[in-house]
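Each reported figure results from applying straightforward, stated rules to the coordinates on display, with no laboratory input. Since the model is a prediction, treat every value here as computed from it, not as a measurement. FYI the Cβ positions are ideal-geometry reconstructions off the backbone, even for glycines, and counts take in every protein chain you see.
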Amino acid sequence: MDSAPVNAFDRPFLEAVGEALASVPAGTRAVVVSSAVPRIFAAGGDIPYMARADLAEQVSYVELCQQVYGAFEQVGAPTIAAVDGACLGGGLELALSCDIRVVAPGVRLGLPEATLGILAGGGAIHRIVRAVGQAPARDLLLSGRRITGAEAVDIGLASRLAEPGRVTTAALELAAEIAAADPAAVAAVTRAARSVLPVGP
Amino acid sequence: MQASTPDPRGVAPRPARDPVAVVELAAGSATDALTELVATLAALPPGTRAVLLRLPSDAAVDRPVDEDSVTAWQQALSVVEDLPLPTVALLGDRCTGVAFDLALCCDVRVAPGTVVVRAPTPAAGALPVGGTVARLVRAVGQGVARDLLITGRTVEAPEALAWGLVTRLVPDPAAALELAASLAALSPEALAATKRLALGASQDSFAAGLAAELSLWRTVRAGANAQEGLSAFAEKRDPRFTGPDGR
C-alpha cells in the first residue's frame with residue numbers, strides 16, 4: 001500500500017487495493033500486504049469524506065470496505081499483514097481479515113470508531129471477537145483504545161513480532177516458508193480455519 | 001446499595017446528574033446481592049451513560065441452592081451483560097464466586113496489579129451454573145477456559161491480563177472511574193450498537209453478522225452524534241456527544 005501520507009482508505013485507494021488483490025495470479029502460494037509509507041500501515045477510513053457525503057453514498061462505501069477487507073479471506077492462499085506502522089480503524093479491519101499478523105512491538109493498533117460516534121462496520125467487530133474472544137474485544141471496541149504491537153501479541157491479536165524496519169522482510173520470509181509446503185494442503189487448511197467459528201454458541 | 005454513593009475507599013463523591021452510575025455489589029448472600037443489583041440497574045437515572053460496578057474482594061461466594069435461584073442468577077447476570085451501556089468492573093484483590101461471573105458480564109475489567117482471579121468451579125467448591133461456562137469460553141476461548149473450569153486454578157495478574165480475565169491493571173482504583181467517565185462522554189448509540197454486535201459475534205453466522213454491522217452502521221450514522229464525531233475529527237476539535245437526556 002502506497003498512498004501517502006497515511007494510506008487512508010478513500011474510495012479510489014480502497015478500490016485499488018481490491019484490484020491488486022483480485023489480480024493475484026492463480027497458483028500464488030502466499031500474499032503479504034504491507035505499506036510503503038514510513039511509520040504507517042493504514043490509518044483507516046476517509047473521515048472528512050464520511051463527514052460530508054450523503055448517507056446512501058456512505059453506506060455503499062461501507063459495503064465496499066466489507067468487500068475489500070473480506071477479499072483477503074477469499075484469496076486461495078494464506079494472507080499475511082506486515083504491520084510496521086500505525087494500524088487504525090480500517091487499517092486494523094484489513095489486518096484482521098488476514099490469516100496472520102506480523103507486527104513491530106511499538107506500533108499502535110486500535111479501532112477508534114466508537115470515539116468518533118460510529119462503529120467499525122467493515123466486519124471488524126465480528127472478526128476481533130472471533131480472533132481474541134469477548135474478553136479483550138469489548139474493551140478495545142468500546143473504548144477505542146490503542147494498544148502496542150507487543151500488547152497485541154500478548155492478547156493474540158497478532159501472532160508474531162519482528163523488529164521495526166524488518167517486519168515486511170519477516171513477513172516475506174514467513175510467506176516463503178508457507179510457499180515451500182504442499183500448496184493444496186495449505187489452501188485446504190487455510191480455507192477450513194477461516195470457516196470455523198472459534199467461540200460459538 | 002445505591003447508585004453514585006460516595007466511595008469510602010478513596011474515590012471522590014460524584015456530582016449530581018452524573019452520567020456514571022457507581023454501583024457496588026453488596027456483601028452477604030449472592031442471591032440477595034444479585035436481586036438488589038438488578039433493582040438498582042432497573043432504577044438508574046435516565047441520564048446514565050456508563051456503569052462502574054465495584055466487586056469487592058469480600059463479595060459473596062455462595063452459590064445458588066435450588067433451581068429457582070439458578071434461574072434468578074442466570075437472569076440477573078444476563079441483565080448486567082445486556083445493559084445497552086458500557087460497563088466497567090472494578091475488581092478488588094480477589095475475584096471469585098459471583099464477582100467472577102459479574103466481571104465477565106462487564107465490558108471492561110479493571111484490577112490492581114495484586115489481583116488473583118479464580119473461576120467458581122467444583123475444584124473451588126462451587127458449581128459454575130450462572131452462565132460461567134459459556135461466558136468464559138466466549139471470553140477467552142476454549143484453550144484457556146477448560147483449564148480454568150476443570151482445575152479451578154488461581155490466576156495472577158499477568159496471566160489474567162494476557163487472557164482478558166482483566167483488561168487493565170491500574171495502581172489506583174480512581175482510574176476505573178476516569179475510564180467510566182470517558183466512556184460516558186462517547187456517543188451512547190454508537191456504544192450500544194457496537195456492544196450488541198460484539199455480543200452477537202459469539203453466536204451469529206458471519207454473513208448475518210456482516211449484514212448486521214452494515215445495518216447498524218447506517219442507523220448510527222444517521223444520528224446527530226455520528227455527524228458530530230466525524231465533523232469534529234475533520235475540524236480537528238474535540239467532539240461533544242449528546243446523551244438520551246439531551247445533555
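What whole-number volume per residue, in cubic angstrom, does the convex hull of the C-alpha atoms of region B:198-247 give? Can you show the working numbers first?
Details: hull volume 5.3 nm³, N = 50.
Normalising the Cα hull of region B:198-247 by residue number yields 106 Å³.
Would you mind working out the magnitude of the charge dipole of the protein assembly as shown relative to its Cα centre, with +1 at each Lys and Arg C-beta and -1 at each Asp and Glu C-beta, to the nearest 20 Debye? Show your work: numbers first, answer last.
Working: 37 positive and 47 negative charges, 70 e Å.
Charge dipole, the protein assembly as shown, about its Cα centre: 340 debye, nearest 20.
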Q. When the helices in chain B are scored as -39500 (n - 2.57) per DSSP H run of 4 or longer and the sum is shared across all residues, what 222 nm value do you end up with, to the nearest 500 deg cm²/dmol?
A. -14000 deg cm²/dmol
Q | Spin-label pair A:Leu55/A:Asp10, simplified geometry with 7 Å Cα→Cβ offset, distance in nm | A | 2.6 nm
Q | Per-bin percent of Cα-Cα distances, region A:5-59 [10 Å] | A | 20, 42, 28, 9, 0
(Q) Just to be sure I understand: with springs between alpha-carbon atoms less than 10 Å apart, which residue in A:Glu173, A:Glu113, A:Glu151 has the highest mean-square fluctuation in the Gaussian network model of chain A? (A) A:Glu173
Q) Roughly what would the spin-label model give for A:Glu177 and B:Asp32, points 7 Å off Cα along C-beta, in nm? A) 5.8 nm
Q) What is the distance in Å between the Cα centres of region B:187-206 and region A:137-186? A) 25 Å
Q.
I need the calculated FRET efficiency for the pair B:Val133 and A:Gln74, taking r as the beta carbon distance and R₀ as 41 Å, to the nearest 0.05.
A. 0.75
Q: Report, for the protein assembly as shown, the % of DSSP beta bridges that are antiparallel, rounded to 5.
A: 10 percent
Q) With the radius of gyration and the Kirkwood radius both derived from the Cα set of region A:88-201, what is their ratio Rg to Rh? A) 0.99
Q) Semi-axes, largest first, in whole Å: what does sqrt of 5 times each Cα gyration tensor eigenvalue give for region B:43-113? A) 20, 18, 9
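Using 0.36 nm per residue, how much length does the chain from B:Thr151 to B:Ala211 gain when fully extended, once their Cα-Cα distance is taken away?
Length difference between fully extended and current span is 17.6 nm.
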Q. What Kirkwood hydrodynamic radius do you get for the protein assembly as shown when you take the inverse of the mean 1/r over all pairs of distinct Cα atoms, in Å?
A. 22.6 Å
Q.
Could you tell me the calculated FRET efficiency between A:Ala185 and B:Asp66, based on Cβ-Cβ distance and R0 = 45 angstrom, to the nearest 0.05?
A. 0.25
**Q.** Dipole of region B:112-160, positive end: most advanced residue of B:Pro128, B:Val115, B:Leu148 [Cβ charges, Cα centre]
**A.** B:Pro128
Q) Measuring from centroid to centroid over Cα atoms, what is the spacing of region B:54-98 and region A:34-96 in Å? A) 38 Å
Q | Among A:Ala77, A:Ala175, A:Val102 the positive-end extreme of the charge dipole of region A:49-201 (Cβ point charges) | A | A:Val102
Q) Restricting the count to DSSP beta bridges whose residues both fall in region A:74-201, what percent are antiparallel, rounded to a multiple of 5? A) 20 percent
Q: Using only alpha carbon pairs under 8 Å that are at least six residues apart, calculate the relative contact order of chain A and give it in whole percent.
A: 22 percent
Q. Taking chain B as a Gaussian network, Cα atoms linked when under 10 Å apart, which of B:Pro45, B:Pro122, B:Pro173 shows the biggest mean-square fluctuation?
A. B:Pro122
Q: List the pair-distance distribution P(r) of chain A, using every Cα-Cα distance, as the percent of pairs falling in each 10 Å bin from 0 up to the bin containing the longest distance, rounded to whole percents.
A: 9, 37, 39, 14, 1
Q: Subtract the Cα-Cα distance of B:Leu44 and B:Thr114 from 0.36 nm times their separation in residues, and report this length gain in nm to one decimal.
A: 22.1 nm
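Indicate the helices, whole DSSP H runs only, in chain B that combine a mean Kyte-Doolittle hydropathy of 0.0 or more with a Cα extent along their long axis of 20 angstrom or more.
Values: long enough: B:67-81 (21 Å, -0.05); B:206-221 (22 Å, 0.64).
Passing helices, by number: B:206-221.
For region B:126-247, how big is Rg over Rh, using alpha carbon atoms and the Kirkwood form of Rh? Don't jump to the answer; show the numbers that get you there.
Working: Rg = 18.7 Å, Rh = 17.6 Å.
Ratio of gyration radius to Kirkwood radius: 1.06.
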Q | Computed magnitude of the charge dipole of chain B (debye, nearest 20; Cβ of K, R +1, Cβ of D, E -1) | A | 660 debye
Q: State, to one decimal in nm, how far the label point of A:Arg194 lies from the label point of A:Glu19, with both points 7 Å from Cα in the Cβ direction.
A: 2.2 nm
